[in-house]
Amino acid sequence: MSAAGTRRELLRFILVGVLNTGATTLLYWALLAAGLTPALSFGLAFVAGIGLAWWMNGRFTFRTGARAGGLAVYPLVYVPPWVVGQGLLSLLLDAGVAGWLAGPLASLAVVPLSFGLNRLFFRGRQASTRS
């Protein structure tokens, strides 16, 4: 893929990410308001965001389709960002950042890692279906 194509994918990934982050941030805040801890709220919102990201990234970002078989392994793409995000969340909370802000900041910080892993996943699946 050309550099221009990669830039277009990155822009679509950012747009999808903004929508996904907005939705999962609202969920995170709702879970906090319901009395859940920041760590549990972050984890549950993160899992919900994985399903939404799988569909939006497959359909819009990388335009490879969101095939049901891919959903079974897609969560593995988010293990490294989740681990890094949980670590950042903990550091932010320990530094005195309010829980309502720490979750979204941790999520934003892992965007580059998430893009790279998503691109590998969707482009790798696209190449394997052509073989």
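When Thr64 is tested against (1) under 19 Å from Gly124 (Cα atoms); (2) of a type outside the set (Gly, Ala, Ser); (3) in a helix (DSSP H, G or I), only condition (3) is not met. All of (1) more than 20 Å from Ala102 (Cα to Cα); (2) among the aliphatic types (A, V, I, L, M); (3) surrounded by fewer than 16 Cβ atoms within 10 Å (Cβ to Cβ) hold for Val47 with one exception: (1). Within the stretch 67-98, the residues that satisfy the criterion of being more than 14 Å from the chain's Cα centre (by Cα), in a helix (DSSP H, G or I) and at pLDDT 90 or above are Gly87, Leu88, Leu89, Ser90, Leu91, Leu92, Leu93, Asp94.
From the list Leu36, Leu44, Leu31, Leu27, the one residue that fits, being of a type in the set (A, V, I, L, M, F, W, C), more than 11 Å from the chain's Cα centre (by Cα) and not in a helix (DSSP H, G or I), is Leu36. Considering only residues in the stretch 74-100 that are without any contact (Cβ under 8 Å) to a residue 40 or more places away in the chain and β-branched (Val, Ile, Thr), the one that is nearest to Trp29 (Cα to Cα) turns out to be Val97. Scanning the stretch 1-42 for residues that are of a type in the set (D, E, K, R) and touching a residue at least 24 places away in the same chain (Cβ under 8 Å) yields Glu9, Arg12.
Let's see how each residue does on (1) out of contact with any Phe, Trp or Tyr (no Cβ under 7 Å at 6 or more places or on another chain); (2) buried (at least 16 other Cβ atoms within 10 Å of the Cβ):
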residue: Gly17; (1), (2): yes, yes
residue: Thr21; (1), (2): yes, yes
residue: Gly51; (1), (2): yes, no
residue: Leu71; (1), (2): no, no
residue: Pro112; (1), (2): yes, no
residue: Phe115; (1), (2): no, yes
residue: Phe121; (1), (2): no, yes
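The values are calculated or read from the model by the stated rules, or taken from the named source; none is laboratory data. Here the structure is a predicted model, which is why all the values come from computation and not from measurement. Note: ideal-geometry Cβ built from the backbone for every residue, glycine included; neighbour counts use all protein chains shown.
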